[in-house]
Structures are given as structure tokens and as C-alpha cells.
Amino acid sequence: MMRILRLGFVLLAGFALAACGADGEPIQPTASLGVGVGSSGTHVGGGVGFRRGGLGVYLGV
């Protein structure tokens, strides 16, 4: 569990660094959130990402 939290923190710090423009031009991050309701219950999902040129990175559940 701690490894997952540590990895999440490192990725979040990387996104923050890229978004603030410390290494060049700022990148506009994207975010999404979804809620689904079905016969088996509810499901919540979301993610964050960014795109720069031909490269896009998206992390979500």
C-alpha cells in the first residue's frame, strides 16, 4: 500500500512540475471524473493527464 501511495505522490509531483513550466513552456493538464450506476451498484472513476505534441500521458481508474 505504501508503494502505491509513494508512486502516486511521485507522479503527482511530476505533473505539478510539468504544469508550472519549471522545465520549459507550461503544459495544460486535463482531468476527468465519471460516476456510473447499474444493477451491481455504483462506480466512481477519474483520471488526470496531459498532452504535448505527439506524446500524451493519462493516469486513471
| query | Is it the case that residue 35 is modelled with pLDDT of 80 or more and either open to solvent by less than 100 Å² (accessible area, probe 1.4 Å) or in contact with a Cys (Cβ under 7 Å, 6 or more places away or on another chain) (or both)? | reply | no
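This table checks each residue for (1) at pLDDT below 75; (2) among the charged types (D, E, K, R); (3) surrounded by fewer than 10 Cβ atoms within 10 Å (Cβ to Cβ).
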| site | (1), (2), (3) |
| --- | --- |
| 9 | no, no, no |
| 28 | no, no, yes |
| 44 | no, no, yes |
| 47 | no, no, no |
| 50 | no, no, no |
| 61 | yes, no, yes |
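The values are calculated or read from the model by the stated rules, or taken from the named source; none is laboratory data. Computed from a prediction, not measured in an experiment: that's the story for all the values here. Counting neighbours? That spans all protein chains shown, and the Cβs are built from the backbone with ideal geometry, glycine included. The accessibility values were calculated without ligands, DNA or RNA, using every heavy atom of the protein model including side chains. Shrake-Rupley method; radii C 1.70, N 1.55, O 1.52, S 1.80 Å.
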